[in-house]
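See structure below.
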Amino acid sequence: MRPSTIKYYLKEGLSGLRKNLLMTMASIIAVMACISIMSFSYCVASNLHHILQQMEDSIGISVFIGGTPTSEEIEEMKTQISKIDHVLEVRYISPGDALEELKADWGAEEDIFEGLDETNNPLSHSFQITLDEIESQDSVLQALKGIDGIDNIRHGQTETELIMKANKVFNIAGFLVMLILGVISVMIIMNTIRISVVNRRVEINIMKYVGATDWFIRWPFIIEGVIIGVVGALLPLIIGIPIYAKIISALYNYFPVIKIIQFRLVGDIFIVLFPVALAFGILLGTIGSVTSIRKHLRV
Amino acid sequence: MIWLNNVTKTYPNGSRGVENLNLHIEKGDFVFIVGSSGSGKSTLIKLLLKELEPTTGDIIINRVKTNELSSNQIPYLRRNLGVVFQDFRLLPNKTVYENVAFAMRVIEAPNRIIRRNVPAVLALVGLGKKGRSYPNQLSGGEQQRTALARAIVNNPPILICDEPTGNLDPETAWGIMQLLDDINKRGTTIVMATHARDIVDDMQKRVVTLKQGNIARDIKKGGYCDEA
């Protein structure tokens, strides 16, 4: 392809958009809406996932053992627990260790535990279990119930279940809205390109008579669609970056409690979102123009 | 150069465009296609341009059987055929120069060649000084000269004219005919469909008269035939 030909395609594509400004703008707005929803869903889902991961690191399952087991019994239980699927690590905590940890947690007020030693320690023997993924917590709990000698199981089930459910609902809702807006975008782009084709009827007719190839005639219209897609994808991202940063800092400011969880950084989010949104925008634009060309440009 | 062997075109509604047409046009010929409305003139022109497919029979242009060409080969066939229409079909928002250059641009000719050939062909059709004018600033004759320049700028071996003088007054029409004669003398084969009796009579070229989709008369040198 000659550079002059590429220049011609770009020039014709841009002039088509300009002559048809209102429809061009409608198409861009439709793509923008679609990309905005996609970006918003991704921001929320990505943050929920990030938070879940932090919880996986901090929250495990604690298993308490009744009575005073022998060290063989403890070893035996540890092996059994280790064999359960998705169990990453099993750490045995003796009542003495537990007492030390408790004292450390209370810091300056550790004197309330004074008088407690190995002979009268009320704390149980326990295992601290770490999982490879939080979603498998249920199956691990089921398996634990089958092990003899376990007195009590403690875990952060309700919180994780809530976040997991929220994540799922968000993913599905976001995907559905994105799909609907995507279809609408493609339809509006198709209409824009159709008007552009009709505007250039005479030109296309002459091009055919002088022997222009079909692709030569099609390219400017594809370029039109791609430009709509690119602009429609870039605008919401450029607007989105400062908005995301603002929302995150506002959340930290108004709810100091949530400082213990970390939101994803602006850079982390947009380094993924940029190429994906751009590709998706170009895809919408291309599908819109190609289907329109196939329908209205019999070359 | 152009062969039609037993070409029949039946339209989907059952009407016959042309029937069992046999026609041979040699390189360098100047042929008038005449006949009343509905005689098959337009069908013949459209078959040559491959706007229509023959129902049966073969069409050979420049040694290529055009009825066997796939759709992506049609553009390369059309580069052998210059076309001029009654209604000029110029792009109103482009200058005369741009209208002619457009024909070269769409077949991806290099800019260097465009800059060399367009002024030359505009000079040939007598529009050397009109390059910057827009079509609506031109007379009908000048517009048809622009269309003619566009048709021949890529040097096609065959020029097909569909009533090129139909919208012009006799004097202007005569100017266009002289131009076509010049182009023919440079070696281009010309096929011209027309109603213009005076022109056909004056030019004294080969005349093919169509009647109800058949050739009623084909003379090497002559005038318009009334009985058709």
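The values are calculated or read from the model by the stated rules, or taken from the named source; none is laboratory data. Computed from a predicted model, the values in this text were never measured in an experiment. Methodologically, a virtual Cβ is constructed for each residue, glycine included, from the backbone with ideal geometry; neighbour enumeration extends over all protein chains shown.
Does A:Pro3 qualify as being within 14 Å of chain B (Cβ to nearest Cβ), more than 30 Å from A:Ala245 (Cβ to Cβ) and modelled with pLDDT under 85? It is true that A:Pro3 is within 14 Å of chain B (Cβ to nearest Cβ), more than 30 Å from A:Ala245 (Cβ to Cβ) and modelled with pLDDT under 85. Considering only residues that are at the interface with chain A (Cβ under 9 Å from one of its Cβ atoms), in a helix (DSSP H, G or I) and more than 19 Å from the chain's Cα centre (by Cα), which ones fall in region B:98-109? B:Arg105 - this is the single residue of region B:98-109 that is at the interface with chain A (Cβ under 9 Å from one of its Cβ atoms), in a helix (DSSP H, G or I) and more than 19 Å from the chain's Cα centre (by Cα). For A:Ser41, the stated conditions do not hold, so it cannot be described as surrounded by 16 or more Cβ atoms within 10 Å (Cβ to Cβ), modelled with pLDDT of 90 or more, touching a helix residue (DSSP H, G or I) at 6+ places or on another chain (Cβ under 7 Å) and farther than 23 Å from A:Arg194 by Cα. The single condition among (1) within 23 Å of A:Arg200 (Cα to Cα); (2) within 12 Å of another protein chain (Cβ to nearest Cβ) that B:Gln144 does not meet is (2).
Does A:Met77 satisfy the criteria of being within 36 Å of the chain's Cα centre (by Cα), in a helix (DSSP H, G or I) and among the aliphatic types (A, V, I, L, M)? It is false that A:Met77 is within 36 Å of the chain's Cα centre (by Cα), in a helix (DSSP H, G or I) and among the aliphatic types (A, V, I, L, M). For B:Ala123, the requirement of being buried (at least 16 other Cβ atoms within 10 Å of the Cβ), under 27 Å from A:Thr5 (Cα atoms) and aliphatic (A, V, I, L, M) is not met. Filtered by the rule that a residue be more than 19 Å from the chain's Cα centre (by Cα) and modelled with pLDDT under 90, region A:252-289 gives A:Tyr252, A:Asn253, A:Tyr254, A:Phe255, A:Pro256, A:Val257, A:Ile258, A:Lys259, A:Ile260. Of the helices (runs of 4 or more DSSP H) lying entirely inside region A:120-221, those containing at least 2 residues that are away from chain B (no Cβ under 14 Å), aromatic (Phe, Trp, Tyr) and surrounded by fewer than 20 Cβ atoms within 10 Å (Cβ to Cβ) are A:157-199. Of the residues B:Ile60, B:Ile74, the single one that is in contact (Cβ under 8 Å) with a residue 12 or more places away in the chain, assigned by TED's automatic domain parsing to the domain that holds B:Ile176 and touching a strand residue (DSSP E or B) at 6+ places or on another chain (Cβ under 6 Å) is B:Ile60. Taking the criterion of being more than 14 Å from every other protein chain (Cβ to nearest Cβ) and surrounded by fewer than 16 Cβ atoms within 10 Å (Cβ to Cβ), the residues of region A:6-25 that qualify are A:Leu14, A:Leu21, A:Leu22, A:Met25. Within region B:33-42, is there a residue that is β-branched (Val, Ile, Thr) and more than 14 Å from every other protein chain (Cβ to nearest Cβ)? Yes. Considering only residues in region B:54-82 that are away from chain A (no Cβ under 14 Å) and assigned to a loop (DSSP other than H, G, I, E, B), the one that is surrounded by the fewest Cβ atoms within 10 Å (Cβ to Cβ) turns out to be B:Arg63. Under the condition of being buried (at least 18 other Cβ atoms within 10 Å of the Cβ) and over 16 Å from the mean Cα position of the chain (by Cα), which residue from region B:131-151 is farthest from B:Val84 (Cα to Cα)? The extreme case among them is B:Gly131.
Taking the conditions exactly as written (in the same structural domain as A:Tyr244 (by TED's automatic domain parsing) and in contact with a Lys or Arg (Cβ under 6 Å, 6 or more places away or on another chain)), does A:Ser39 satisfy them or not? No: the conditions fail for A:Ser39. Exactly one residue out of A:Ile282, A:Ile243, A:Ile271 is farther than 19 Å from A:Ala33 by Cα and of a type in the set (Val, Ile, Thr): that is A:Ile271.
Somewhere in region B:86-96, is a residue among the hydroxyl-bearing types (Ser, Thr, Tyr) and within 14 Å of chain A (Cβ to nearest Cβ)? No, region B:86-96 contains no residue that is among the hydroxyl-bearing types (Ser, Thr, Tyr) and within 14 Å of chain A (Cβ to nearest Cβ). Looking across region B:155-188, the residues that are surrounded by fewer than 22 Cβ atoms within 10 Å (Cβ to Cβ) and of a type in the set (S, T, N, Q) come down to B:Asn155, B:Asn167, B:Thr172, B:Gln178, B:Asn184, B:Thr188.
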